[in-house]
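Data block below; observations after.
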């Protein structure tokens, strides 16, 4: 009987993983739950979200050498449905790399769905280490970021999309750990050039 209950619970979890349909846009900040972080608490707590920057981001492309991601187009989007279709998106309400003090927030699947364009884009996100480069290109300009932080948070911790006090950052987020995907890993890089 316990084996049957375990099997049913596992199947039920599998159905939840295949059919999540939540909005990916932050609604309001939540108190942080950080499992792993080197970021001072004052930069994580109480950050005020800036109004969306002006200007058309145009074509944003992402390069992450350690993950073997090269010149990958990243569309702006705001729903889970768009993320599930594309596999990687920049949250449309977040910052742009050329705006000082912004947080360019990019979300990608670790394990997508059969219909997902790019299914495993951030499968190895946890392999990024402090000092690794993240490059965002747009309109012929290149913005180079250096990884400085890695956090593990709950899905409802939308505060991670807010600007980080005193920094211009890019944040890469995916689900973790495999196979439950109950948390989110966020890797942050600070603009260096």
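Here is how the numbers come out for the structure above:
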{"item": "Three-way shape call for segment 64-147 based on the alpha-carbon gyration tensor, with the a/c threshold at 1.5", "result": "oblate"}
{"item": "Order of 180, 104, 79 under a 10 Å beta carbon neighbour criterion, fewest first", "result": "180, 79, 104"}
{"item": "For 84, 157, 68, 59, order by how many other beta-carbon atoms lie within 10 Å, fewest first", "result": "68, 59, 84, 157"}
{"item": "Residue 70/residue 100 FRET efficiency (R0 22 Å; Cβ-Cβ; nearest 0.05)", "result": "0.25"}
{"item": "Centroid-to-centroid separation of segment 83-118 and segment 119-193 [C-alpha atoms, Å]", "result": "10 Å"}
{"item": "Gain upon complete extension [residue 115, residue 146; 0.36 nm per residue less C-alpha separation]", "result": "7.9 nm"}
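Computed from the coordinates by the stated procedures, all read-outs in this text should not be read as laboratory data. Source: prediction; values computed, not measured. All Cβ positions, even for glycine, are placed from backbone atoms using ideal geometry, and neighbour counts span all protein chains on display.
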